[in-house]
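Trainee: First, the structure itself, so that you have it in front of you.
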Amino acid sequence: MVEAGHFALVLAFALALVQSVVPLAGARIGEMRLMAVGGPVALAGFALVGIAFAALTATYIQSDFSVANVWENSHSLKPMLYKVTGTWGNHEGSMLLWVLILTFFGALVAAFGRNLPATLRANVLAVQGWIGAAFLMFILTTSNPFARLDPAPFEGRDLNPILQDIGLAIHPPLLYLGYVGFSVCFSFAVAALIDGRVDAAWARWVRPWTLAAWMFLTGGIAMGSYWAYYELGWGGFWFWDPVENASFMPWLAGTALLHSAIVMEKRSALKIWTVLLAILTFSLSLLGTFLVRSGVLTSVHAFATDPTRGVFILAILVVFIGGSLSLFAWRAGSLTAGGIFHPISREGALVLNNLFLTTATATVLVGTLYPLVLEAVTGDKISVGAPFFNLTFGPLMLPLLVLIPFGPLLAWKRGDVYAAAQRLMAAFGGALLAMLVTWLVVDRVTVFAALGVGLAAWMVLGALTDLAQKSALGTAPLGVSMRRLAGLPRSVFGTALAHMGVGLTTLGIAATLAFQSEHITVMKPGDVADIDGRSLRFEGVAPVRGPNYTETRAQFVFAKDGRTLGEISSAKRLYTARQMPTTEAGILTLGLSQLYVSLGDATSNGGMVVRVWWKPLVTLIWLGGLVMMIGAAVSLTDRRLRVGAPSRKARTAVAAASQ
């Protein structure tokens, strides 16, 4: 299996070279047979990388320590789930997963892109082939996951304890589906520049791929945030870690691309800008890959510290980012600018959206790269943390969040802000009421709390207002309104859900930052701590032995007025193979809020340091991300996003005519 997997990667690299050259040559000379090569080769390349990935997974399942990658990242006593997920819990395996997803998207274009113009489809598959060939060469020359050890060790070194968690099964695949999904948008942009033609049909083809990549990246970031929240024992949901920023920047740029593509599709405007955004979004994904794997960053998220790999990925960045931007500079002058529109219109609102999002992306990029550039130039080491990002990123997002409900209510080409504001009066009243209740009843000290809750209510109620207006709710009979609501395009529901998800996440962040309480105390068995009018009783500790670890587990009981609300287990764990300790936080979810208990060190008098957080509405941070994903999935089911898909009525009419 090991040699078969390695050989499959070599064959996949050879096919990627064919895919990158033959369809492109066919498009240049107009030879249909050469252009048709791209589809079957892309499907075969995906199959071969799939074989390689299955072979590596099998070596992990079998604990084949003759493979260096398995020896370094697995152990015979490791639970089966973590043996499987450990396949991509390391640099080599994760890069193989990266390429597997890349070839998967190329196969999807080959399978479902038959309604694309032949030259565009050939060029897209060729660009995907370029990317695949580059990263397959990177794997084969610097990061071979099938490298052998002779003699084979008897036992492995085990996986990093932080990665021995169910989050590893969800977070990286989702994140890579987002990262790599934007490669299709990049390929469409470069293919259009090669062909010298960008039109509204191009935006219609690229928009579903953008939406799918954005959906997966949203889920990957949300899952990564929650994973760090409960696994690292620090109680926070976002640290502005450079590697966190590396995934956040493509998300911001991808959000701008998604909205820009809508303008291009609907009004044939912003053509040049949309193509540039498609290039920049995937370029930021490549930059994130470089930051994680080059060794320039020290982070719990970083995979590799080998400078050779960093130089190779840097070369890939220079070729693809520099080459695509050079092609853009060469072709941009020959592209038509597209339609014009009034500044006060839905197009204008989406342009304003792009302005804020791209400026925010640039802010995060500067804050992330400035310490690295400064160290490379002067040797000085500085850190740019939360204070910088909160003072720069926050003020950019605030006006954008305020303006979100206006966009869907403005007309295309020329809108009426006053009319849109009138329609939003009920949403404004609800938001104002939420602010007043928060300030008068919950917290009279923190203005931020009232503003945050009001802003979240404004976005949620604004999204509902859009649905109410489009279904004529309140102005037409209820039955008519319900029928109109059911007949709305699914993309309208998807947009509303996505905006509501942003509102829910905002509410979770505002409530957590404003209302959470932290308690640090030393407790002995039987002690009771007061947690905001509730009691936390320390029941005691007990030793527990797991399959590849030992731990000291502490039991707590959370109660209010003598009524038990729940039991919590927290632990200090030691993984025996690596002799690495971890803190396993105990989390009790009560409605939308959570009690978070993390253990510290034992004291000399037999006590234990206990750190406790009460976090109101904290789960909304990640539930909002889930709602955004659902909104994107609903939009993807809209027939209008399936390019060339005829309506049911049209299909029925054609069938009747043929009879």
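Trainee: Could you grab the pairs with beta carbons closer than 8 Å, sequence gap of 6+ or different chains, first residue in the stretch 135-151 and at negative phi, second one at pLDDT 95 or above and assigned to a loop (DSSP other than H, G, I, E, B)?
Mentor: Ile139/Pro145; Arg148/Ser66; Leu149/Phe65; Leu149/Ser66; Asp150/Ser66
Trainee: Okay, moving on. Being surrounded by 20 or more Cβ atoms within 10 Å (Cβ to Cβ), touching a Gly at 6+ places or on another chain (Cβ under 8 Å), more than 19 Å from Met137 (Cα to Cα) and among the aliphatic types (A, V, I, L, M) is the filter here; which residues of the stretch 38-86 pass it?
Mentor: Across the stretch 38-86, the qualifying residue is only Val70.
Trainee: I would also like to ask the following. Every residue in the stretch 583-619 that is surrounded by fewer than 18 Cβ atoms within 10 Å (Cβ to Cβ) and on the phi > 0 side of the Ramachandran plot, please.
Mentor: Correct list: Gly591, Gly606.
Trainee: Filter the stretch 466-488 down to residues that are within 23 Å of Gly624 (Cβ to Cβ) and not in a helix (DSSP H, G or I), then give me how many there are.
Mentor: The total comes to 1.
Trainee: Here's a follow-up. Which residues, counting only those in the stretch 195-246, are more than 18 Å from Ala278 (Cβ to Cβ) and not in a helix (DSSP H, G or I)?
Mentor: Hits for the stretch 195-246 are Leu232, Gly233, Trp234, Gly235, Gly236, Phe237, Trp238, Phe239, Trp240, Asp241.
For (1) assigned to a helix (DSSP H, G or I); (2) under 18 Å from Leu257 (Cβ atoms); (3) at pLDDT below 80, each residue gets a yes or a no:
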site: Ser283; (1), (2), (3): yes, yes, no
site: Leu286; (1), (2), (3): yes, yes, no
site: Thr298; (1), (2), (3): no, no, yes
site: Ala329; (1), (2), (3): yes, no, no
site: Leu352; (1), (2), (3): yes, yes, no
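Trainee: Let me ask you something else. Quick test for you: out of Arg537, Arg573, pick the one residue that is part of a strand (DSSP E or B), buried (at least 16 other Cβ atoms within 10 Å of the Cβ) and out of contact with any helix residue (DSSP H, G or I) (no Cβ under 9 Å at 6 or more places or on another chain).
Mentor: None of the others qualify; the one that does is Arg537.
Trainee: Could I ask something else about it? Tyr179 fails exactly one of the following numbered conditions: (1) outside any helix (DSSP H, G or I); (2) under 17 Å from the mean Cα position of the chain (by Cα). What is the number of that condition?
Mentor: If we test Tyr179 against (1) outside any helix (DSSP H, G or I); (2) under 17 Å from the mean Cα position of the chain (by Cα), just (1) comes out false.
Trainee: Which of (1) closer than 24 Å to Leu163 by Cβ; (2) in a loop (DSSP other than H, G, I, E, B) does Met249 not meet, given it meets every other one?
Mentor: (2)
Trainee: Applying the selection to the stretch 620-659, what residues are at positive phi and at pLDDT 50 or above?
Mentor: none
Trainee: Follow-up. Scan the stretch 608-638 residue by residue and report those that are out of contact with any Pro (no Cβ under 9 Å at 6 or more places or on another chain) and either assigned to a loop (DSSP other than H, G, I, E, B) or without any contact (Cβ under 8 Å) to a residue 60 or more places away in the chain (or both).
Mentor: Pro616, Leu617, Val618, Thr619, Thr637, listed by residue number.
Trainee: Separate question: Mind listing whichever residues of the stretch 405-422 are in contact (Cβ under 8 Å) with a residue 12 or more places away in the chain, within 19 Å of Thr475 (Cα to Cα) and surrounded by fewer than 17 Cβ atoms within 10 Å (Cβ to Cβ)?
Mentor: Scanning the stretch 405-422 gives a single hit, Ala421.
Trainee: I've got another one for you. Quickly run through the stretch 544-570 and pick out the residues that are free of Cβ contacts under 8 Å to residues at least 12 places away in the same chain, of a type in the set (Gly, Ala, Ser) and either within 22 Å of Ala228 (Cβ to Cβ) or assigned to a strand (DSSP E or B) (or both).
Mentor: Those that are free of Cβ contacts under 8 Å to residues at least 12 places away in the same chain, of a type in the set (Gly, Ala, Ser) and either within 22 Å of Ala228 (Cβ to Cβ) or assigned to a strand (DSSP E or B) (or both): none in the stretch 544-570.
Trainee: State whether the residues of the stretch 434-457 include one that is touching a residue at least 40 places away in the same chain (Cβ under 8 Å), out of contact with any strand residue (DSSP E or B) (no Cβ under 6 Å at 6 or more places or on another chain) and not in a helix (DSSP H, G or I).
Mentor: Looking for residues that are touching a residue at least 40 places away in the same chain (Cβ under 8 Å), out of contact with any strand residue (DSSP E or B) (no Cβ under 6 Å at 6 or more places or on another chain) and not in a helix (DSSP H, G or I), one finds at least one in the stretch 434-457, hence yes.
Trainee: Return the total of residues in the stretch 209-218 being of a type in the set (Gly, Ala, Ser) and surrounded by 24 or more Cβ atoms within 10 Å (Cβ to Cβ).
Mentor: Number satisfying all stated conditions: 1.
Trainee: Just one of Ala463, Ala419 is in contact with a helix residue (DSSP H, G or I) (Cβ under 7 Å, 6 or more places away or on another chain) and either of a type outside the set (Gly, Ala, Ser) or outside any loop (DSSP other than H, G, I, E, B) (or both); which is it?
Mentor: Details: Ala419 fails: in contact with a helix residue (DSSP H, G or I) (Cβ under 7 Å, 6 or more places away or on another chain).
Answer to the selection: Ala463.
Trainee: State yes or no: is Leu81 touching a residue at least 40 places away in the same chain (Cβ under 8 Å) and not in a helix (DSSP H, G or I)?
Mentor: no
Trainee: Name the one entry in Thr87, Thr119 that is polar (S, T, N, Q), without any contact (Cβ under 8 Å) to a residue 40 or more places away in the chain and either part of a helix (DSSP H, G or I) or within 21 Å of Thr576 (Cα to Cα) (or both).
Mentor: Only one candidate passes the filter, namely Thr87.
Trainee: Taking only the stretch 118-152 into account, find how many residues are farther than 25 Å from Leu317 by Cα, surrounded by 16 or more Cβ atoms within 10 Å (Cβ to Cβ) and not polar (S, T, N, Q).
Mentor: Summing the residues that are farther than 25 Å from Leu317 by Cα, surrounded by 16 or more Cβ atoms within 10 Å (Cβ to Cβ) and not polar (S, T, N, Q) in the stretch 118-152 gives 2.
Trainee: Still on this structure, I have one more. For the stretch 344-370, how many residues are more than 30 Å from Pro408 (Cβ to Cβ) and either small (Gly, Ala, Ser) or in contact (Cβ under 8 Å) with a residue 40 or more places away in the chain (or both)?
Mentor: 2
The values are calculated or read from the model by the stated rules, or taken from the named source; none is laboratory data. Only a predicted model underlies this, so the values are computations on that prediction, with no experimental measurement involved. Heads up, the Cβs are rebuilt from the backbone with ideal geometry, glycines too, and the neighbour counts pull from every protein chain shown.
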